[in-house]
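The values are calculated or read from the model by the stated rules, or taken from the named source; none is laboratory data. Since the model is a prediction, treat every value here as computed from it, not as a measurement. No Cβ is skipped: glycine too gets one built from the backbone with ideal geometry, and neighbour counts run over all protein chains shown.
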Amino acid sequence: MLSGKTILLGITGGIASYKICELIRMYKRANADVQVVCTPNALNFVTKLTLQTLSKNNVAVEEFDIKNYNPEHISFADKADIMVIAPATANTISKIATGVADNLLTSIACAFTKPVIIAPAMNCNMWENPIIQENLRKLSYTILEPESGYLACGYLGKGRLCKIDKIFDKTVELLNYKPLTGKKIVITSGGTIEDIDPVRYISNYSSGKMGVALADVAKNLGADVTLITTKDVSKKYNIVKVKSALDMKSAVEKEFCNADCVIMAAAVADYRVKETAPQKMKKTDDDEINLTLVKNPDILKEISAKKEKQIVVGFCAESENLIEHAKEKIAKKGCDYLIANDISRKDIGFSSDYNEVTILDKNGGMKKLERADKMTIAYKIFEEIYGKE
Ligand code: PMT
């Protein structure tokens, strides 16, 4: 997603520096070239070796450690597409705002003419200090404000580095990588809920995380996203909350004709209770009760049968013989792609933040994606679908 982009990542001396290791990994997973520049104080919190190993580049700290004829600060500023300073201390913010260039990082910032993201992190009283606020106002940068909560110094207040995902998403947004612009992508997620009576239901262990990861990524890539979900989700795209398989079917049908791509990541119940009891069912003296279940419509199969321009993608959750069942399922359902995942494993699939999948296509092609967080898996799924268009 960030192939061919160079990110100049400035790290300053705050405790939140350790969180930046994860940001480097996210940039690298998205194929960016990451050049880390630290203030000397940053290295009190995180080691050069860690940053070098993760970024796969030398870490620059000293301004006058010149290896060739190019002044380092100018060559770094020229090469990078974006500069991200995280965490940004009150000290570095104030220096940059007033044009002080007394180390490599502040010198680069002074010479940098492309977009800059700054993610401050500091004690809440420092954050509220009017001088710091005034200095921030002087910067024509994208400022990702700190969050409130318990701070490393023991205070409760605003000053905690914002979420790493937010810095990553903003970087992608500013680099304007939007290959799905103009596409309407509909994604389903979560387990459907089939009522037995007003207090009991049949459902499954789907958390909705895979669907949300797909929706977040589609949004990052510029798509117009609709997430049809059984879970409460608050995001900056269109959310349609549903409960049962029948609700989900209506919602999918409503969105289908205008969609370019529908991805069914939801775990839809194959059966529902024939007659939902209008009142709470009473316990009886019998040791057994019988519930009659009737088949739910197969939403994926139905939309696959009527697709025109749409790309239809299903998921396949199996606890045994994954690939064998997935091959049967893609033929039976008639979708363009089927993403097979093993839901018997605890470290992937249901409720996990991770997944490991095999993508099957209608022409018999197969591609395995090794275990990774669900966002990474989602990026790779879109790469597979739209890389081939
Ligand atoms: O939500 P998470 O906790 O993040 O977990 C993710 C997941 C494991 C739920 C997800 O990755 C996944 O596998 N989703 C599909 C679950 C499922 O219902 O699989 P299935 O093999 O039973 O169904 C195959 C496909 O048909 C699915 O795309 C399903 O949405 C669709 N289906 C199923 C039944 C039905 N009546 N209508 C359907 O459209």
Looking at (1) at pLDDT 95 or above; (2) surrounded by fewer than 15 Cβ atoms within 10 Å (Cβ to Cβ); (3) within 30 Å of LEU175 (Cβ to Cβ), which is the one condition that is false for ALA259? (2)
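Quick check: anything in segment 271-285 touching a residue at least 12 places away in the same chain (Cβ under 8 Å), within 28 Å of CYS257 (Cα to Cα) and surrounded by 13 or more Cβ atoms within 10 Å (Cβ to Cβ)? Can you show your working first?
Kept after step one, since they are touching a residue at least 12 places away in the same chain (Cβ under 8 Å), are these residues of segment 271-285: 271-281.
Checking which are within 28 Å of CYS257 (Cα to Cα) leaves us with 271-272.
Going one step further and asking which of them are surrounded by 13 or more Cβ atoms within 10 Å (Cβ to Cβ), we end up with 271-272.
Yes: segment 271-285 contains one or more residues that are touching a residue at least 12 places away in the same chain (Cβ under 8 Å), within 28 Å of CYS257 (Cα to Cα) and surrounded by 13 or more Cβ atoms within 10 Å (Cβ to Cβ).
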Could you tell me which numbered condition ASP33 fails, if it satisfies all but one of (1) over 14 Å from VAL84 (Cβ atoms); (2) touching a strand residue (DSSP E or B) at 6+ places or on another chain (Cβ under 6 Å)? (1)
Subset of segment 3-55 (residues that are part of a loop (DSSP other than H, G, I, E, B), closer than 29 Å to LYS380 by Cα and either at pLDDT 95 or above or of a type in the set (A, V, I, L, M) (or both)): ALA30, ALA32
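Do you know which residues across segment 196-225 are within 14 Å of the ligand (Cβ to nearest atom) and of a type outside the set (Ser, Thr, Tyr)? Can you show your working first?
First, the residues of segment 196-225 that are within 14 Å of the ligand (Cβ to nearest atom): 202-217.
Passing the criteria: ILE202, ASN204, GLY208, LYS209, MET210, GLY211, VAL212, ALA213, LEU214, ALA215, ASP216, VAL217.
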With the checklist (1) in a helix (DSSP H, G or I); (2) crowded, with 18+ Cβ neighbours inside 10 Å in hand, flag the one item LEU227 doesn't pass. (1)
Output the number of residues of segment 350-388 satisfying the condition of being within 12 Å of the ligand (Cβ to nearest atom) and farther than 19 Å from ILE330 by Cβ. 9
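Every residue, every condition in (1) of a type in the set (D, E, K, R); (2) more than 27 Å from MET375 (Cβ to Cβ); (3) not in a strand (DSSP E or B), yes or no:
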residue	(1), (2), (3)
THR276	no, yes, yes
GLN279	no, yes, yes
LYS282	yes, yes, yes
ASP287	yes, yes, yes
VAL294	no, yes, no
Among the candidates LYS301, LYS332, LYS307, which residue alone is more than 13 Å from the ligand (Cβ to nearest atom), closer than 30 Å to ASN258 by Cα and either within 29 Å of the chain's Cα centre (by Cα) or not in a loop (DSSP other than H, G, I, E, B) (or both)? LYS307
Identify all residues within segment 337-362 that are outside any strand (DSSP E or B) and either outside the structural domain of LYS380 (by TED's automatic domain parsing) or surrounded by fewer than 19 Cβ atoms within 10 Å (Cβ to Cβ) (or both); write none if there are none. SER344, ARG345, LYS346, ASP347, SER351, ASP353, LYS362
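If the requirement is being modelled with pLDDT under 90 and either in the same structural domain as LEU23 (by TED's automatic domain parsing) or of a type in the set (Gly, Ala, Ser) (or both), which of these qualifies: ILE131, ILE66? I'd like the intermediate steps shown before the answer.
On the way: ILE131 fails: modelled with pLDDT under 90.
Only one candidate passes the filter, namely ILE66.
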Out of segment 230-254, which residues are surrounded by fewer than 17 Cβ atoms within 10 Å (Cβ to Cβ), more than 12 Å from the ligand (Cβ to nearest atom) and over 19 Å from the mean Cα position of the chain (by Cα)? LYS241, LYS243, ASP247, SER250, LYS254
Only one of (1) aliphatic (A, V, I, L, M); (2) touching a residue at least 60 places away in the same chain (Cβ under 8 Å); (3) assigned to a strand (DSSP E or B) is not met by LEU174, so which one is it? (3)
Could you tell me whether any residue of segment 286-297 is near the ligand (Cβ under 8 Å from one of its atoms), of a type outside the set (Lys, Arg) and in the same structural domain as ALA218 (by TED's automatic domain parsing)? yes
Just one listed residue, out of ALA267, ALA277, is small (Gly, Ala, Ser) and either touching a Pro at 6+ places or on another chain (Cβ under 6 Å) or closer than 21 Å to VAL312 by Cα (or both), and it is ALA267
Considering only segment 172-190, state which residues are surrounded by fewer than 22 Cβ atoms within 10 Å (Cβ to Cβ) and modelled with pLDDT of 95 or more. GLY182, LYS183, LYS184
Can we say LYS243 is within 25 Å of ILE202 (Cα to Cα), in the same structural domain as GLY208 (by TED's automatic domain parsing) and in contact with a strand residue (DSSP E or B) (Cβ under 7 Å, 6 or more places away or on another chain)? no
Regarding segment 137-155, can at least one residue be identified that is within 18 Å of CYS21 (Cα to Cα) and among the charged types (D, E, K, R)? no
